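Quick notes on the structure that follows.
The values are calculated or read from the model by the stated rules, or taken from the named source; none is laboratory data. None of these values were measured; they are calculated from a predicted model. Here the Cβ positions follow ideal geometry from the backbone for every residue, glycine too, while neighbour counts run over all protein chains shown. Calculation scope for accessible area: heavy atoms of the full protein, side chains included, ligands and nucleic acids excluded. Shrake-Rupley method; radii C 1.70, N 1.55, O 1.52, S 1.80 Å.
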Amino acid sequence: MYGSSVDARICPSLTEVPHVYVAGGSNIAAEENILRAAAELRTAFPGARFSACYANAAVGFSGDEFINFVVELPTPRSLADVIHELRRIETLCGRPRNAPRWAPRSMDLDVLLYDDLVLTNADVKLPRPDLLTRPYMLGPMAQIAPQVLHPTVKRSIGELWEDFDRASHPMRRLALNLGA
């Protein structure tokens, strides 16, 4: 009886699908791996919406330039299931599971936000702390979801991007189209 007669007009959140924001990047066969990952994301998460792609210098190590993007994934899947799928796609793009953290990579897919979930455990921290300090995460997310409220700082992604020191880590927009 409980829940069977709830009117979605009274409680619309029962019909809404969570939105997950994921940062993606590669600096090994970058264009090829970005396109492969985008195709897999579109298949696994119908309705995926991509930012533009940006080229920027590697952070934390010396290496080739990265190509980065952010994708919005409307999905009813659990956080654990989303992460499992992202790891599958990373592996498909040639990333070994034991890859060093600060090193070149064929594909890196990191959950930035899972709706307004705030979580810290051994495997994940949400919202992802790097979102506030990495222009290649914050800028592309502001492009596709400027109205989204950051769950801990309580400011919109668009406002955070407006106040960001972009000169500290320049990016170059690329013509690579991930939506096709």
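Select from the stretch 135-171 the residues that are open to solvent by 80 Å² or more (accessible area, probe 1.4 Å), in a helix (DSSP H, G or I) and under 17 Å from Phe69 (Cα atoms) and list them in ascending order.
Arg166
Leu113 - would you say it is on the phi < 0 side of the Ramachandran plot, part of a loop (DSSP other than H, G, I, E, B) and not acidic (Asp, Glu)?
In short, no.
Among the residues of the stretch 78-107, how many are surrounded by 14 or more Cβ atoms within 10 Å (Cβ to Cβ) and either in contact (Cβ under 8 Å) with a residue 40 or more places away in the chain or of a type in the set (Asp, Glu) (or both)?
14
What do you reckon, is Phe45 touching a strand residue (DSSP E or B) at 6+ places or on another chain (Cβ under 6 Å) and on the phi < 0 side of the Ramachandran plot?
yes
Using the structure shown, decide if Asp123 is exposed (fewer than 13 other Cβ atoms within 10 Å of the Cβ) and modelled with pLDDT under 95.
On the way: exposed (fewer than 13 other Cβ atoms within 10 Å of the Cβ): yes; modelled with pLDDT under 95: yes.
Yes: the conditions hold for Asp123.
Of (1) at pLDDT 95 or above; (2) over 17 Å from Val17 (Cα atoms); (3) in contact with a Ser or Thr (Cβ under 9 Å, 6 or more places away or on another chain), Gly158 satisfies all except one. Which?
It is condition (3) that Gly158 fails.
Return yes when Ala103 is over 22 Å from Phe50 (Cα atoms) and among the small types (Gly, Ala, Ser) and no when it is not.
yes
For the stretch 119-127, does any single residue satisfy the condition of being within 24 Å of Val17 (Cα to Cα) and among the basic types (Lys, Arg)?
Yes; the residues of the stretch 119-127 include at least one that is within 24 Å of Val17 (Cα to Cα) and among the basic types (Lys, Arg).
Give me the residue from the stretch 61-110 that is of a type in the set (Asp, Glu) and either out of contact with any Gly (no Cβ under 7 Å at 6 or more places or on another chain) or in a helix (DSSP H, G or I) (or both) and, out of that set, farthest from Pro170 (Cα to Cα).
Asp81
Within the stretch 16-60, how many residues are outside any strand (DSSP E or B), open to solvent by 40 Å² or more (accessible area, probe 1.4 Å) and more than 21 Å from Thr91 (Cβ to Cβ)?
Residues in the stretch 16-60 being outside any strand (DSSP E or B), open to solvent by 40 Å² or more (accessible area, probe 1.4 Å) and more than 21 Å from Thr91 (Cβ to Cβ): 6 in total.
Between Leu132, Leu174, which is farther than 21 Å from Ala48 by Cβ, open to solvent by less than 80 Å² (accessible area, probe 1.4 Å) and at pLDDT 95 or above?
Details: Leu174 fails: farther than 21 Å from Ala48 by Cβ.
The conditions single out Leu132.
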